[in-house]
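Below is one structure. I have some questions about it.
The values are calculated or read from the model by the stated rules, or taken from the named source; none is laboratory data. In this text the structure is predicted, and so the values were computed from the model without any measurement. Note that each Cβ is placed from the backbone with ideal geometry, even for glycine, and that neighbours are counted across all protein chains shown. Please note that ligands, DNA and RNA were not included when accessible areas were found on the heavy atoms of the full protein model with its side chains. Shrake-Rupley method; radii C 1.70, N 1.55, O 1.52, S 1.80 Å.
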Amino acid sequence: MRHLVLIICILAMSVPALHCQDKDGMIMHYFVDESGDTIFMADLDPVYKVARRKGKQWRKYYRLVHNFAKAYPYALLAEEKLHEADSTITAGAFNRREKNRYINILQKELFDTFEKPLKNLTISQGKLLLRLIDRQTGITSYEIIKDYKGKAAAGFWQGIARIFGSDMKKPYDPQGEDKQTEELVELYNKGEFNKTYRSIFGKNPPEPIVHSRLEVRQK
């Protein structure tokens with residue numbers, strides 16, 4: 001969230017005070033203090049403080065940044081597709097049979113399009129993707145499968161996830177376990193993620209195979 005901060009503009013005598021502009025070219029509000037100085041105000045982007053790391057912590061963070069670049073596009077797509085499915089089902093007032101038919105058609109389309117690229121994710125990237133889907137949709141992967149495919153299907157995939165050390169029922173925790181991931185989401189939403197990736201790997205992250213309308217343009 002943007003916050004209001006005070007900044008002082010030092011103006012040449014030949015430049016009228018009312019012509020002071022911020023970084024976007026907008027005229028800035030101002031007030032005159034008791035000493036007669038003109039103080040201007042402008043909106044600045046928030047600054048996110050990233051924890052200092054060293055040794056193994058840095059290597060772990062590098063892996064997280066790399067895995068995030070691979071997984072987050074799919075999380076955005078999951079959010080987009082889930083909203084589309086909910087809107088279609090609600091607008092169509094489907095009965096149970098019609099709903100199941102629509103979900104089966106949607107599932108086939110998703111598998112045909114994304115099965116191969118998703119199989120190229122590592123186990124770590126797949127686990128991160130489950131966390132990010134929870135973050136983007138507000139519900140766990142287990143609940144999504146249960147709502148759309150039933151409790152038995154959700155239980156089956158939860159069992160598979162547990163084999164690989166993941167838990168589809170565990171909610172995203174931005175203040176705890178997922179704090180570093182949340183930092184990357186915030187950087188992404190500011191359009192700053194690619195800059196962070198370049199500072200570590202010396203190049204832009206790989207172009208995602210899939211794209212979502214929810215993507216934020218990166219600098």
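Calculate, for the range 110-219, the solvent-accessible area per residue in square angstrom, rolling a 1.4 angstrom probe over the heavy atoms of the protein chains.
Working: 6680 Å² over 110 residues.
Heavy-atom SASA per residue in the range 110-219 reads 61 Å².
Now a separate question. Share of the range 80-219's accessible area from carbon and sulfur, percent, 1.4 Å? Provide the component values of the computation, followed by the final result.
Values: 4750 of 8970 Å².
About 53 percent, which is the carbon plus sulfur part of the accessible surface.
Estimate the FRET efficiency between Asp147 and Glu182 by the formula 1/(1 + (r/R0)^6), using the beta-carbon distance for r and 22 Å for R0, to the nearest 0.05.
On the way: r = 25 Å, r/R0 = 1.13.
The computed FRET efficiency comes out at 0.30.
Just list whichever of Lys60/Lys146; Lys56/Lys170; Lys81/Lys108; Lys56/Lys179; Lys99/Lys146; Lys169/Lys219 have alpha carbons separated by over 23 Å in the model shown.
Working: Lys60/Lys146 33 Å; Lys56/Lys170 26 Å; Lys81/Lys108 13 Å; Lys56/Lys179 17 Å; Lys99/Lys146 14 Å; Lys169/Lys219 35 Å.
Cα-Cα > 23 Å for Lys60/Lys146; Lys56/Lys170; Lys169/Lys219; rest within.
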